[in-house]
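The values are calculated or read from the model by the stated rules, or taken from the named source; none is laboratory data. No experiment lies behind these values; they were computed from the predicted model shown. Backbone-built Cβ (ideal geometry, glycine too); neighbour counts: all protein chains shown.
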Amino acid sequence: MKRHFYLVCGWLSLALGAIGAFLPLLPTVPFVILAAFCFARSSPRLEAWLLNHPTFGHHIVAWREKGAISRKGKIAATVAFAVSIVLAAIFSPWPWVMAPVIAAGVTGSWIWTRPEG
């Protein structure tokens, strides 16, 4: 039962990561890392697939070994935050315009304090 729970959570995380590739405020790599965590507890084959993935594998390994985020990843997250803030400034009424600003401030400062991998 627990294995099935982790398998479903892994696929949901992977789906959110895929959606995040197209939505500025939704990150991709953290969901892929979470999917690898879930797959490690439910499907060694899927975990190995993610760990050996040419795009995401090194991010997962760097996070597991050092809690590291690449400089490119940090910059990409910052650009995505900036795009989200601009879109919110254009389309959102007050006080909702502040949601991406707060999310960027909190999450962005955490991201930039991680080691680089």
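Out of the range 88-103, which residues are of a type in the set (Gly, Ala, Ser) and free of Cβ contacts under 8 Å to residues at least 60 places away in the same chain?
Across the range 88-103, the qualifying residues are ALA88, ALA89, SER92, ALA99.
Residues are listed down the side, and each one gets a yes or a no for (1) outside any helix (DSSP H, G or I); (2) touching a helix residue (DSSP H, G or I) at 6+ places or on another chain (Cβ under 6 Å); (3) surrounded by 11 or more Cβ atoms within 10 Å (Cβ to Cβ):
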residue: LEU46; (1), (2), (3): no, yes, yes
residue: TRP49; (1), (2), (3): no, no, yes
residue: HIS53; (1), (2), (3): yes, no, yes
residue: HIS59; (1), (2), (3): no, yes, yes
residue: GLU65; (1), (2), (3): no, no, no
residue: ALA76; (1), (2), (3): no, no, yes
residue: ALA80; (1), (2), (3): no, no, yes
residue: SER84; (1), (2), (3): no, yes, yes
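Does VAL106 count as exposed (fewer than 13 other Cβ atoms within 10 Å of the Cβ) and in contact with a Pro (Cβ under 9 Å, 6 or more places away or on another chain)?
no
Report, ordered by the first and then the second residue, all pairs with beta carbons closer than 6 Å, sequence separation of six or more or different chains, a first member in the range 32-59 that is farther than 20 Å from VAL8 by Cα, and a second member that is surrounded by 18 or more Cβ atoms within 10 Å (Cβ to Cβ).
Note: pairs meeting the criteria are HIS59/VAL29.
Is at least one residue of the range 37-47 closer than 30 Å to ILE85 by Cα and either at pLDDT 95 or above or polar (S, T, N, Q) (or both)?
no
Yes or no: ILE33 assigned to a helix (DSSP H, G or I), within 28 Å of ARG3 (Cβ to Cβ) and β-branched (Val, Ile, Thr)?
When the stated conditions are applied, ILE33 passes them.
Conditions: (1) within 22 Å of THR113 (Cβ to Cβ); (2) more than 18 Å from the chain's Cα centre (by Cα). ALA89 meets all but one. Number of the miss?
Answer for ALA89: the failing condition is (1).
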